[in-house]
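Visitor: So that we are looking at the same thing, I have put the structure below in structure tokens.
The values are calculated or read from the model by the stated rules, or taken from the named source; none is laboratory data. The model shown is predicted, which means the values in this text are computed figures rather than measured ones. Cβ atoms come from the backbone with ideal geometry, glycine included; neighbour counts cover every protein chain shown. What goes into the accessible areas is simple: the full protein's heavy atoms, side chains included, and nothing from ligands, DNA or RNA. Shrake-Rupley method; radii C 1.70, N 1.55, O 1.52, S 1.80 Å.
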Amino acid sequence: MPLLTFADTQGQAHAVRFAEREEIRIGADEGWSNLTLPAALDVAPQHAIITRSAFNRLLMVIDLAGRATRVNQHPVVRLRVLRQGDTLQIGRCDLTVWEVQIRRLEAGDPVLGKKCPVSRRVFQVGMEVIACPGCGTVHERDSWFLIEHCAAGCDYPNRQVIMDTLPSWMLVERHLDQDSRLIELIENGKVLQDGKFCQAGQARDQVPFQRGQHAVYCPSCQTPFHLECFVTLPTCPVCQYDITGLINRSFGVQNGG
Ligand SMILES: [Zn+2]
Ligand SMILES: [Zn+2]
Ligand SMILES: [Zn+2]
């Protein structure tokens, strides 16, 4: 579930969680805002709205105040897509956007006893889960990372968001095509380029990389993997790089809901 975190003027940390499809109105006017911030920090009475695109389900901020809303230091001109880990500045308040969060189930969690729509496993205490940011449906961690779109049918673009969330210094090849060195190229029955194989050891790795797939390179040894293979591996099978740790840092593992 999307979350905004920020520190107030006293340095006190706050988190605002919002329900699916709800918009968040941010401003200094308490009657209008869902999230009220101090006018003394250059926050307009009706400053900005965070909502979700009906087209691609991504989070967007709409600036109502004119030039006093920034994302990662860049002024927002009317509207802008918000991504995981973005810093949203409302006047002089800094907020951090957490679109997707991994959480570890604790006793009393309302999803305990229900089933993941992908793996069909029953949720139990200690399991790591991700709630779909689009519709709230809870998935097992690896299930959420394996699927292209939300399995509950809301069409949330899991893979696109995963690629946007991985650190920008990682090499990601989106939608492999004939320009990629990973896929097999055959012309008139002659092999012009041998395809490369993902080293994850899954059934899909018996054949070389295919057009349209997404590839991610291990940050340490530069071995290419399918995106969905990489993000569900505990460590790189070639160099033992700690992939779970990387994913945990990128997706902010939290205990409880
Ligand atoms: Zn969904
Ligand atoms: Zn590696
Ligand atoms: Zn693979």
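Visitor: By accessible area of protein heavy atoms, probe 1.4 Å, what ranking do Arg181, Arg104 get, highest first? Display every interim value, and only then the final one.
Guide: Details: Arg181 175, Arg104 80 Å².
Greatest to least solvent exposure: Arg181, Arg104.
Visitor: Out of the chymotrypsin sites (Phe, Trp or Tyr not before Pro) in segment 148-257, which ones are loop residues according to DSSP with at most 11 other C-beta atoms within 10 Å?
Guide: Listed in order of number, the matching sites are Trp169.
Visitor: Provide the percentage of antiparallel DSSP beta bridges, counting only those with both residues in the chain; round to the nearest 5.
Guide: On the way: 45 of 50 bridges.
Approximately 90 percent, going by the DSSP bridge assignments.
Visitor: Can you list the residues, at least 5 places off or on another chain, whose amide H is less than 5 Å from the amide H of Leu79, using H built in the peptide plane?
Guide: Sorted by chain and number, the residues that satisfy this are Asp63.
Visitor: Relative to the present Cα-Cα distance, how much length would full extension add between Ala203 and Glu187 at 0.36 nm per residue of separation?
Guide: Length gained, Ala203 through Glu187: 3.1 nm.
Visitor: Summing +1 for each Lys or Arg and -1 for each Asp or Glu, what net charge is found among the other residues whose Cβ lies under 11 Å from the Cβ of Leu227? Could the numbers behind the result be given before it?
Guide: Details: positive: Arg159, Arg174; negative: Glu148, Glu173, Glu228.
In short, -1.
Visitor: Towards the positive end of the charge dipole of the chain, with charges on Cβ (+1 Lys, Arg; -1 Asp, Glu), say which of Ala28, Ala68, Gly153 has the farthest Cα.
Guide: Ranked along the dipole, the leading option is Gly153.
Visitor: Taking the inverse of the average 1/r across all pairs of different Cα atoms in the chain, what Kirkwood radius in Å do you get?
Guide: Answer for the chain: a Kirkwood hydrodynamic radius of 20.1 Å.
Visitor: Any chance you could tell me what percent of the C-alpha pair distances in segment 165-251 go past 17 Å?
Guide: Everything past 17 Å amounts to 47 percent.
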